[in-house]
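No lab work stands behind these numbers, since they all come straight from the coordinates. Quick caveat: nothing in here was measured; it's all calculated off a predicted structure. Don't worry about glycine lacking a Cβ; one is built from the backbone with ideal geometry, like all the others, and counts go over all protein chains shown.
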Ligand code: FES
C-alpha cells in the first residue's frame with residue numbers, strides 16, 4: 001500500500017457480498033439469505049467470493065444519448081472479469097434533455113439521490129457510472145461523492161455528425177442555427193423537416209462542446225475517468241476499449257479503496273475549472289461542478305473563477321465557440337492534447353482513478369502530432385475568458401456570460417429593456433407584430449430560476465423576435481435567471497442571482513428601463529436608482545410559488561440558488577471546508 005491509498009480492508013472488513021447486509025437482526029443469517037437468493041441466479045461460491053464491481057445501467061428507450069449502454073456494459077464486464085472480480089449491473093433513473101418535463105435539471109438531484117442510495121445500499125466494492133446526457137454525469141458524480149464508494153465515470157461518448165445539402169451538421173448548435181433560419185423565413189417547412197432527419201446521425205451525446213461534452217472533458221481533468229475516455233465517439237471501437245479498460249481500473253480502485261473524496265480534491269476541481277475555461281465549455285458546467293464540489297464541502301469562488309478566466313485562453317476549436325465537432329477533437333488526440341498544452345496551468349500532482357497522477361498520465365500518453373483542433377497557448381481561439389462572471393445591481397450574487405459564444409460588439413452595450421414576466425408571457429408575445437422591440441433593445445426574461453416552478457429551463461436563449469429575425473437580426477443581448485444549452489450561442493446573460501421568483505432585482509425590471517452590460521468591466525446594471533428599486537419592491541412584494549406534495553414539494557422547499565449548484569440544501573454538508581479556485 002502506498003501513502004496515496006487506503007485499503008478497503010483496513011476501513012471496512014466487510015467486502016464483496018458481505019458488505020452492508022440487510023437488517024434482520026442476525027448478520028450471519030442476513031448473509032446466508034443473501035447468498036441463497038443470488039444463487040437462484042446461478043452464481044457459484046467462487047464467483048460470490050470475488051470483489052464486486054457495480055455497473056450503473058442508464059440504458060433507457062427514452063434516452064438515445066445512452067443507446068450504446070448495453071455494449072459498454074458488456075465491455076466493462078469483460079475488463080472486470082479479466083481482473084478477477086464480479087460485475088453486477090443495476091439500473092437507476094436516466095434523463096434525456098428532450099424527454100423529461102419540465103426539465104432534466106429538475107430531476108438531476110433526484111437522480112443523484114437514486115445513485116447515492118443504490119450505490120450505498122447494495123454490496124459493491126467499486127462502481128462504474130455509465131452516463132452521458134447532460135444531467136446524468138453531474139447527478140452520478142454528486143451521488144458518488146456523497147456515497148464515497150470507489151467510483152469511476154464512463155461516458156457513452158459523442159454522436160457522429162451528419163450532412164445536409166453538403167454541409168456538415170450536428171446536434172445541437174446546428175439545430176438552433178437552422179431553427180433560427182426557419183424563424184427568419186430563410187428556409188421553408190420542407191427544408192426544416194429534412195434538416196430534422198440529418199442533425200443526429202447516431203446514438204451518443206451531442207456532437208459539439210455542449211454540456212455533455214463539457215462534462216466529459218472536465219471529469220477527465222478531475223481524474224474520475226479512464227484517461228482518454230472523454231472524446232471517443234459512441235459508435236467507435238475506441239469507445240468500447242475505454243469501457244473494457246474502465247472495468248479493469250474499477251477493480252484496481254476496489255482493491256486499493258481509492259475513494260471519490262481522495263480524487264475530487266480542491267486542486268482537482270481547479271484543474272476541472274481550468275479545462276472548462278480552455279474548452280469554451282458550457283455555462284451549465286459551472287452549476288454542476290459547484291454541486292459536485294459542494295457535496296465534498298468545497299465551494300466554488302465565482303470571483304476567483306472569473307480571475308482564472310482572464311488568464312486562461314480558449315484553445316479548443318469546437319462549436320458553439322469554434323467550428324468543429326467532438327469527433328474531430330478525438331482524432332486530434334482528445335483531452336491529452338489539451339492537457340499537454342495547459343500543463344503550466346494545471347496541478348499535475350492530483351490523483352486519478354488509475355492510481356497515478358494527472359502529470360504521470362499526461363507523460364504516459366502517446367506523443368503529440370500536428371493537428372488543428374487544439375490550438376497552442378500562443379495562438380488561441382480567444383486569448384482569455386471563455387466564461388465571465390458579471391455583477392451589478394441586477395445580479396448582486398452574480399451572473400454568467402459565455403463570452404466565447406457571444407457577438408463581440410454586443411459585449412459592451414446599453415439598451416432599453418423589453419421584459420417578459422414568464423415563459424408563457426414570452427411564448428404569447430415574442431412573435432407578435434405589435435411587440436415594441438428594436439434590434440438595439442435588451443430582452444429580459446424573468447421567473448425561470450431554480451425556485452420559479454419551471455425547473456430552471458434552458459430558455460435563457462430567448463428567440464430573436466420574428467419580425468427582427470426576418471429583418472436579418474441574428475443576436476441581441478438577452479438576460480434571464482435561467483440557463484442556456486451548452487450548444488447555444490449569442491450574447492446571453494444567465495443564472496442571474498438572486499432569481500426573480502425569490503425577489504431578486506430582476507423581478508423589478510420594467511419595460512423601458514435602461515440596462516448596461518460591460519463584459520470588460522464584468523458589469524450587469526439596471527440603470528434605475530436604489531430609491532426607485534426600493535419603491536418597486538415595496539409596491540409588489542414577491543412570494544415564491546408553494547407546492548403541496550411529492551418531489552415538487554421537496555424541490556421547492558430545498559433547492560439552492562445557482563451559486564450553490566441548484567442542489568438541495570440538505571444534501572450539502574453543513575460546513576464547507578475549502579474554497580476554490582485559490583487566488584494566484
Ligand atoms: Fe443528450 Fe445533448 S441531448 S447530450
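When every alpha-carbon pair in the chain is counted, what percent end up more than 30 Å apart?
So the pairs more than 30 Å apart make up 51 percent of the total in the chain.
How would you rank 174-186, 111-123, highest first, on the average number of other Cβ atoms within 10 Å across their residues?
111-123, 174-186
Nearest-5 percent of antiparallel DSSP beta bridges in the chain?
Roughly 40 percent of the beta bridges in the chain run antiparallel, per DSSP.
Whole number please: convex hull volume per residue of the Cα set in region 514-584, in Å³?
184 Å³
What's the extension gain from residue 360 to residue 32 if we count 0.36 nm per residue and subtract their Cα-Cα distance?
Separation in residues times 0.36 nm, less the Cα-Cα distance, equals 113.6 nm.
Listing 481, 148 from the residue with the fewest other Cβ atoms within 10 Å to the one with the most, what is the order?
148, 481
Translational diffusion coefficient, Stokes-Einstein: compute it for region 375-461 using the Kirkwood radius over C-alpha pairs as Rh, at 4 °C and 1.567 mPa s, and state it as an integer in µm² s⁻¹.
Answer from the Stokes-Einstein relation: 84 µm²/s.
Which order do the peptides 86-96, 263-273 come out in when sorted by mean C-beta neighbours inside 10 angstrom, highest first?
So the order, starting with the most tightly packed, is 263-273, 86-96.
Between rounded, prolate and oblate, where does region 14-78 land on the alpha carbon gyration tensor, with a ≥ b ≥ c its root eigenvalues, rounded for a/c under 1.5, else prolate if a/b exceeds b/c?
It is prolate, given that a/c is not under 1.5 and a/b is the larger ratio.
For region 249-312, what is the convex hull (Cα atoms) projected area averaged across all directions, in square nanometres?
Projected area, direction-averaged: 4.9 nm².
Quickly estimate the mean residue ellipticity at 222 nm for the chain, helices only: each DSSP H run with n ≥ 4 gives -39500 (n - 2.57), and the total goes over all residues, rounded to 500.
Calculated mean residue ellipticity at 222 nm is -10500 deg cm²/dmol.
Please report Rg over Rh for region 36-120, where both radii come from the alpha carbon positions and Rh follows the Kirkwood definition.
Result for region 36-120 is an Rg/Rh of 1.05.
Highest mean first, what order results for 124-130, 288-294, 498-504, 19-25 on Cβ atoms within 10 Å?
Result, highest mean Cβ count within 10 Å first: 124-130, 288-294, 498-504, 19-25.
For region 438-584, what number results from the quotient of the Cα radius of gyration and 2.2 N^0.38 Å?
Here the Cα radius of gyration is 1.18 times the empirical estimate.
Once label points are set 7 Å from the Cα along Cα→Cβ at both residue 14 and residue 70, what is their separation, rounded to one decimal in nm?
Rounded to a tenth, the inter-label distance reads 3.6 nm.
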